[in-house]
Amino acid sequence: MPSALPLSAALLSLLTASPKAPAPAAVTGPSPQVAERLIGAALTEGHAWARLAELTDGIGSRLSGSEGAEAAVQWAKRSFEADGVKVWLEPVKVPRWVRGEESARVLGSERFRAHPLSILALGGSVSTPAGGLTAEVIEVRSLDEVVALGDKVKGKIVLFNHAMREAMEYGKYAGLRTRGTSVAAKAGAVGVLVRSLATASLRSPHTGAVRYDEGVERIPAAAVSVEDAELLHRLLAGGPVKVELKLGCQTLPDADSFNVVAEVKGREKPQEVVLLGAHLDSWDVGTGAHDDGAGVAMVMEAARLIGKLKPAPRRTVRVVLFANEENGLRGGRAYAEAHAAELANHVAALEMDSGGFRPVGVVLRAGPGGAELVRSWLRPLEALGAGSILQGEAGGADLSPLLPARVPFVGVRVDISRYFDVHHSEADTLDKVDPKDLAQSTAAVAWVGYVLAEVPEVLPRPEAPPTEAPKAPAAP
Ligand code: ZN
Ligand code: ZN
């Protein structure tokens, strides 16, 4: 664990400097002393990093229903208690999927020798028959292409190849992983390989959830490393290629788990809630350091620092560590259901789930006038490079069930340019998280959470969402 992070006097003075121009009269600005106490502590104490080390190195991966997930729930409860923050557990039934043995190889032909492929079953995938399945590969770039190929897909393993190069393209291609398998099955395919949704690769495959449509045959699906997707592409250029795929994964009965909920009660309007969330589960590979251990560490530390303020903020700050974001969203749904009666009093919700990187600004989903209001509070984040409102909408998979209640969303956006280098892979481990970046994002979350709970004004609520059921945003 690194020692306390240096905070230069110059930076601290920037954080706490009074604005040069007087603040608009209508806005009561939060005090510079509180900014120093929250932001200064987050930047120098290294507490979020220490928590993240406990979660990742101490517990490891935390897929829903696993021993790691249960250990993480107990760890979070103990940690909040140690921090002097009131905490309780809310029950959630979660899916339990286990990976089992898995392998894949290109079968040799007169043109080339056999090659092993680096794969990871997609979360939720069914197994192959015990001896594996062998079929010719057909390569496509899009869901439409599968449909256009018609009968040519029958009996084949569909390879979804794509051209993801940058983090911003994740949303564009994530549908190949979540929806591609059912599209391929409808066309008669027997299995699916999806090129990993990655911006860098040392031949490490990146998993993620597969969604099976009702009434469509469930066929096995795996992510293949970028390098092996390229290999298959080159081999296919010379003629037919057969792959053998063996997946031993299983779906077991649902397991008992919990959302971990903690809060600092508001001094004046305790019934009004500012929700700070992150998801405690991770995939079963790597240790979920960026996804979403970093988010967990940030919101836990925000609660610890806000909990030490005397007096407490005007409203309640509630931290929710959601269960099962990765393969079911049961935690997000269970929270919205259990708290339905008080959602009208949720004045803001924020979810950190894009890695432990440096903060770059703030995003919103609020009604007219929201941006002007928030902009006036962000001056203490300017020295961190996070003092402005950015284009785009705040959200979060676990917050999506709150959309019908028109809860305003706020987000601290981080620099995601390197997130998909490690996302959902064996490489998502603590060494990939920069302690300084994590500390800065933690500072930003603590400050934003505090001002939302403290200033007299609340964010205007956004318009009602479209009448059809809101779709969960592609989970970062
Ligand atoms: Zn996540
Ligand atoms: Zn994820």
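For the chain, what's the relative contact order in percent, using C-alpha pairs closer than 8 Å and at least 6 residues apart?
Values: 1155 pairs, mean separation 100.6, N = 476.
Relative contact order, the chain: 21 percent.
Once you put a point 7 Å from the Cα of Asp151 and another 7 Å from the Cα of Arg218, both along the Cβ direction, what distance in nm separates them?
The two pseudo-label positions are separated by 3.1 nm.
Looking only at the chain, where both bridge partners belong to it, what percent of the DSSP beta bridges are antiparallel (to the nearest 5)?
On the way: 38 of 67 bridges.
Roughly 55 percent of the beta bridges in the chain run antiparallel, per DSSP.
Hey, which lysines would be in cross-link range of Lys152, C-alpha to C-alpha under 16 Å, not counting anything within fewer than 8 residues on its own chain?
Once the sequence-local lysines are set aside, what remains near Lys152 is Lys186, Lys242.
Using the Karplus curve 6.51 cos²θ - 1.76 cosθ + 1.60 with θ = phi - 60°, work out ³J(HN,Hα) for each residue of the stretch 84-90 in order, rounded to whole Hz, and write x for Gly and Pro.
So the J values, rounded to whole Hz, are x, 10, 4, 9, 8, 10, 10.
What are the residues whose amide H is under 5 Å from the amide H of Leu159, where those residues sit 5 or more places off or on another chain and H is modelled from the backbone?
Ile138, Glu139, Val140, Leu193
Taking one equal scatterer on every alpha-carbon of the chain, how large is log10 of I(q)/I(0) by Debye at q = 0.14 1/Å?
Values returned for q = 0.14 Å⁻¹ are -1.26.
How much solvent-accessible surface does Arg111 expose, in Å² to the nearest 10, with a 1.4 Å probe and all protein chains in place?
100
Mind listing the long-range amide H neighbours of Glu272? Cut-off is under 5 Å, sequence gap 5 or more, other chains count too, H placed in the peptide plane at 1.01 Å from N.
For Glu272, whose amide H was placed from the backbone, the distant partners under 5 Å are Thr316.
If R0 is 30 Å, what FRET efficiency do you get for Glu268 and Asp434 from their C-beta distance, rounded to 0.05? Numbers along the way, then the final one.
Details: r = 38 Å, r/R0 = 1.26.
With R0 = 30 Å, the Cβ-Cβ based efficiency is 0.20.
Do the sum for the chain: with -39,500 (n - 2.57) for every DSSP H run of n ≥ 4, divided by all residues, what is the mean residue ellipticity at 222 nm, to the nearest 500 deg cm²/dmol?
Values: 14 runs with 126 residues, N = 476.
Per the formula, -7500 deg cm²/dmol.
Among residues other than Val320 whose Cβ falls under 10 Å from its Cβ, what is the net charge (Lys/Arg +1, Asp/Glu -1)? Spell out each step's value before the answer.
On the way: positive: Arg318; negative: Glu90, Glu263, Glu351, Asp398.
Spelling it out: positives minus negatives among the neighbours equals -3.
Per residue, how large is the accessible surface of the chain? Use a 1.4 angstrom probe and give square angstrom.
Values: 19050 Å² over 476 residues.
Averaged over the residues of the chain, the accessible area is 40 Å².
Over the stretch 100-248, what is the percentage of antiparallel beta bridges among all DSSP beta bridges, to the nearest 5? Walk me through the numbers on the way to the answer.
Working: 15 of 28 bridges.
In the stretch 100-248, approximately 55 percent of DSSP beta bridges are antiparallel ones.
Per residue of the stretch 273-279, what does 6.51 cos²θ - 1.76 cosθ + 1.60 with θ = phi - 60° give for ³J(HN,Hα)? Whole Hz please, x for Gly and Pro, Karplus curve as stated.
Couplings: 10, 9, 9, 10, x, 6, 10 Hz.
Is the shape of the stretch 100-248 best called rounded, prolate or oblate, per the rule: a/c under 1.5 gives rounded, else a/b larger than b/c gives prolate, else oblate, with a ≥ b ≥ c the square roots of the Cα gyration tensor eigenvalues? Let's see the in-between values first.
Numbers: a/c = 1.22, a/b = 1.07, b/c = 1.15.
Note, shape of the stretch 100-248 comes out rounded.
Show the residues, 5+ positions off or on another chain, whose built amide H is closer than 5 Å to the amide H of Ala349.
So Ala349 has HN proximity to Leu275, Phe409, Val410.
Of the chymotrypsin sites (Phe, Trp or Tyr not before Pro) in the stretch 315-402, which ones lie in a loop per DSSP and count no more than 15 other C-beta atoms within 10 Å?
Numbers: sites: Phe322, Tyr335, Phe357, Trp377; in loops: Phe357, Trp377.
Sites meeting the loop and neighbour criteria: none at all.
List the relative contact order of the stretch 100-248 as a percent without decimals, with contacts defined as Cα pairs under 8 Å and 6+ residues apart. Could you put the intermediate results ahead of the total?
Values: 331 pairs, mean separation 55.5, N = 149.
37 percent.
Return the distance in nm (one decimal) between the two label points of a simple spin-label model at Arg179 and Ala237, each offset 7 Å from Cα along Cα→Cβ.
Distance between label points: 3.1 nm.
Can you compute the label reach from Ala135? Point 7 Å from Cα along the Cβ direction, backbone N cut-off under 15 Å, restricted to the stretch 227-256.
Counting backbone N atoms under 15 Å from the label point, the list is 241-247.
Hey, rough spin-label estimate for Thr44 and Glu90, points 7 angstrom out along Cα→Cβ, what's it come to in nanometres?
The modelled label-to-label distance comes out at 3.6 nm.
Just add up the charged neighbours of Trp88: K/R +1, D/E -1, any other residue whose Cβ is under 14 Å from the Cβ of Trp88. Don't skip to the end; give the middle numbers.
Details: positive: Lys77, Arg78, Lys86, Lys265, Arg318; negative: Glu81, Glu90, Glu263.
Cβ neighbours under 14 Å give a net charge of +2.
In the neighborhood of Asp57, defined by Cβ-to-Cβ distances under 14 Å, what is the net charge if each Lys or Arg adds +1 and each Asp or Glu adds -1? Before the final figure, lay out each step's value.
Numbers: positive: Arg51, Arg62, Lys432; negative: Glu54, Asp428, Asp431.
Taking every other residue near Asp57 into account, the sum is 0.
Can you give me the C-alpha center-to-center distance between the stretch 29-82 and the stretch 304-338, rounded to a whole angstrom?
Result: 13 Å between the Cα centres.
The values are calculated or read from the model by the stated rules, or taken from the named source; none is laboratory data. None of the values given here were measured: they were computed from a predicted structure. Cβ atoms come from the backbone with ideal geometry, glycine included; neighbour counts cover every protein chain shown. All accessible areas refer to the heavy atoms of the entire protein, side chains included, with ligands and DNA or RNA removed. Shrake-Rupley method; radii C 1.70, N 1.55, O 1.52, S 1.80 Å.
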